1. Out of all the residues in region 242-262, is one or more modelled with pLDDT under 95 and hydrophobic (A, V, I, L, M, F, W, C)?
2. Out of the residues in region 312-350 that are within 20 Å of Asp382 (Cβ to Cβ) and either out of contact with any Asp or Glu (no Cβ under 8 Å at 6 or more places or on another chain) or in a helix (DSSP H, G or I) (or both), which is most open to solvent (accessible area, probe 1.4 Å)?
3. Considering only residues that are farther than 20 Å from Gly155 by Cβ, under 18 Å from the mean Cα position of the chain (by Cα), among the aliphatic types (A, V, I, L, M) and open to solvent by less than 50 Å² (accessible area, probe 1.4 Å), which ones fall in region 351-363?
4. Taking region 263-282 as the region of interest, how many residues are open to solvent by 70 Å² or more (accessible area, probe 1.4 Å) and touching a residue at least 24 places away in the same chain (Cβ under 8 Å)?
5. For Ala295, only one of the following conditions fails: (1) open to solvent by less than 60 Å² (accessible area, probe 1.4 Å); (2) farther than 30 Å from His418 by Cα; (3) in contact (Cβ under 8 Å) with a residue 24 or more places away in the chain. What is its number?
6. Mind checking which pairs have a first residue in region 336-359 that is closer than 30 Å to Phe396 by Cβ and touching a residue at least 60 places away in the same chain (Cβ under 8 Å) and a second that is acidic (Asp, Glu) and open to solvent by 60 Å² or more (accessible area, probe 1.4 Å), Cβ under 7 Å, 6 or more apart or different chains?
7. Can you find, within region 170-187, the residue that is modelled with the lowest pLDDT among those that are open to solvent by 70 Å² or more (accessible area, probe 1.4 Å) and either out of contact with any Phe, Trp or Tyr (no Cβ under 8 Å at 6 or more places or on another chain) or assigned to a loop (DSSP other than H, G, I, E, B) (or both)?
8. Considering Gly158, Gly190, Gly164, which residue is touching a residue at least 60 places away in the same chain (Cβ under 8 Å), open to solvent by less than 20 Å² (accessible area, probe 1.4 Å), not in a helix (DSSP H, G or I) and not hydroxyl-bearing (Ser, Thr, Tyr)?
Amino acid sequence: MIDSKWIWCAAVLISPELAFPAAQPHLPVADSARLQEHLVELARFGANPEGGVSRVAYSDADIAGRAYVKGLMDAAGLDVRIDAAGNLIGRREGTDRRLATIVVGSHTDSVPHGGNYDGDVGVMGGIEAAQQLRDRHVRLRHALEIVDFTDEEGGLVGSRAMAGDLSAATLDLVNSSGRSVRDGIRGLGGDPDAVGHARRSPSDLAAYLELHIEQGGTLERTRTDIGVVQGIVGIHWWEATVTGIANHAGTTPMDQRHDALLAASELVLAVNAAATEFPGRQVATVGRIRAEPGAPNVIPGKVILSIEVRDLDAARIEAVFARIRARAGEIARARGTGIEFRDLEATAVPALTDPRIQRIIDSAAHALGLTTMAMPSGAGHDAQDIARIAPIGMIFVPSVGGISHSPREYTAPADIAHGVNVLMGAVLAIDAGGFDRR
């Protein structure tokens, strides 16, 4: 049963006006030493000489790392299963089986030559929350599930399957491990032939929470403890083709050139300008460029470049691109070139977090005496797929130097503990009914 102290704690988290000092002893407190031990042990699987990990999904290191995670789930008293998509799920039943499940999740696979915190903090933090419930003999009303999603870095495979959006074509893709998604899921203990069974109904899920390192430098720069994520940005890609006239670099006067690369260079600057001319946090990037014919003594006659725009608002993404397109017309006329765009469609639509969960997270942080900042997530996460089937919330903790996807990725133990304490507070508040307050 939940004792009166925990009920009181959850009630305070639900009602920010009842804020109390950070030293309040009745709040759940993460075991920072245990958390660090788990993170260090997990980092052994796929460790690389640079100090990070290459625990690519479906690799032997990924399989071994997930076996370690399963052991931690077992030790926390969770009932562990692997669904058809290979998602590793630890469940703690609640006292009221009529209520939907509160889910806490993230991932433990990495990019090649990645770091030891991206995804790992969320999974280890969720297990720590479950361990706290076990240690304190606390039973929530709702069931609680901790999920280590399959292949987040390779395309959100596990969360897409849980949302019912994993295509047969995706199963045939081969990732950096050299294995197909189909074979990889089978190697994790899933069943790719029945991957549809991994789909969860919206009626099954009360809320989804994800703790994550920021992967940027905003929290550290502003000395803010907790990021309350407003949503995960949408991503839209276009391909621009600039067509000029290839000609001899030595014999063609400067005033008679139709230099595709020169026009493309101005377009790159226009992409940057379009993103900065609007107020807000939208970003635009040219990440790939190819000039043809690519010889040092030939004026480029054709250039193909990528354009990516990200923002929480799909309309803002389109507005930024409209500004880019208008400037491209001016550049083409001035340089005597053609510029055409091919829409590669949205690779991800914006996924907004639930305002009620945002308030709960913010209140949980303030109850602990922590500072907060509302902010978007510029990177993709499993939460963006789960948003299709459940209300979501995300908690960010600082990344030192804003570095991620690198062996130099680091988040201080105290910041990780703060994030887990906020996570536990949010789970308690949702369980106590705070999610129902509008």
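The values are calculated or read from the model by the stated rules, or taken from the named source; none is laboratory data. Just so it is clear, the model here is predicted, and its values are computed rather than measured. No Cβ is skipped: glycine too gets one built from the backbone with ideal geometry, and neighbour counts run over all protein chains shown. Just so you know, the surface numbers come from the protein's heavy atoms only, side chains and all, with ligands and any DNA or RNA stripped out. Shrake-Rupley method; radii C 1.70, N 1.55, O 1.52, S 1.80 Å.
1. No, region 242-262 has no match at all.
2. Kept after step one, since they are within 20 Å of Asp382 (Cβ to Cβ), are these residues of region 312-350: 312, 346-350.
Keeping just the survivors that are either out of contact with any Asp or Glu (no Cβ under 8 Å at 6 or more places or on another chain) or in a helix (DSSP H, G or I) (or both) gives 312, 346-349.
Values: Leu312: 40, Ala346: 56, Thr347: 71, Ala348: 14, Val349: 103 Å².
The extreme case among them is Val349.
3. Initially, region 351-363 is screened for residues farther than 20 Å from Gly155 by Cβ, giving 352-363.
Pick out the ones that are also under 18 Å from the mean Cα position of the chain (by Cα) and you get 352-354, 357-358, 361.
If we keep only those that are among the aliphatic types (A, V, I, L, M) too, we end up with 352, 357, 361.
Matches in region 351-363: Ile357, Ile361.
4. First pass over region 263-282, keeping only residues open to solvent by 70 Å² or more (accessible area, probe 1.4 Å): 269, 272, 276-277, 279, 281.
Next cut, touching a residue at least 24 places away in the same chain (Cβ under 8 Å) only: 277, 281.
Total satisfying the criteria: 2.
5. Evaluating Ala295 over (1) open to solvent by less than 60 Å² (accessible area, probe 1.4 Å); (2) farther than 30 Å from His418 by Cα; (3) in contact (Cβ under 8 Å) with a residue 24 or more places away in the chain leaves (3) as the failure.
6. From region 336-359, the pairs are Pro350/Asp313.
7. Residues of region 170-187 that are open to solvent by 70 Å² or more (accessible area, probe 1.4 Å), as a first pass: 172-174, 176, 179, 183, 186.
Next, from what is left, pick out any that are either out of contact with any Phe, Trp or Tyr (no Cβ under 8 Å at 6 or more places or on another chain) or assigned to a loop (DSSP other than H, G, I, E, B) (or both): 172-174, 176, 179, 186.
On the way: Asp172: 93, Leu173: 91, Val174: 93, Ser176: 87, Arg179: 95, Arg186: 97.
So, considering only residues that are open to solvent by 70 Å² or more (accessible area, probe 1.4 Å) and either out of contact with any Phe, Trp or Tyr (no Cβ under 8 Å at 6 or more places or on another chain) or assigned to a loop (DSSP other than H, G, I, E, B) (or both), the one modelled with the lowest pLDDT is Ser176.
8. Working: Gly158 fails: not in a helix (DSSP H, G or I); Gly164 fails: open to solvent by less than 20 Å² (accessible area, probe 1.4 Å).
Only one candidate qualifies: Gly190.
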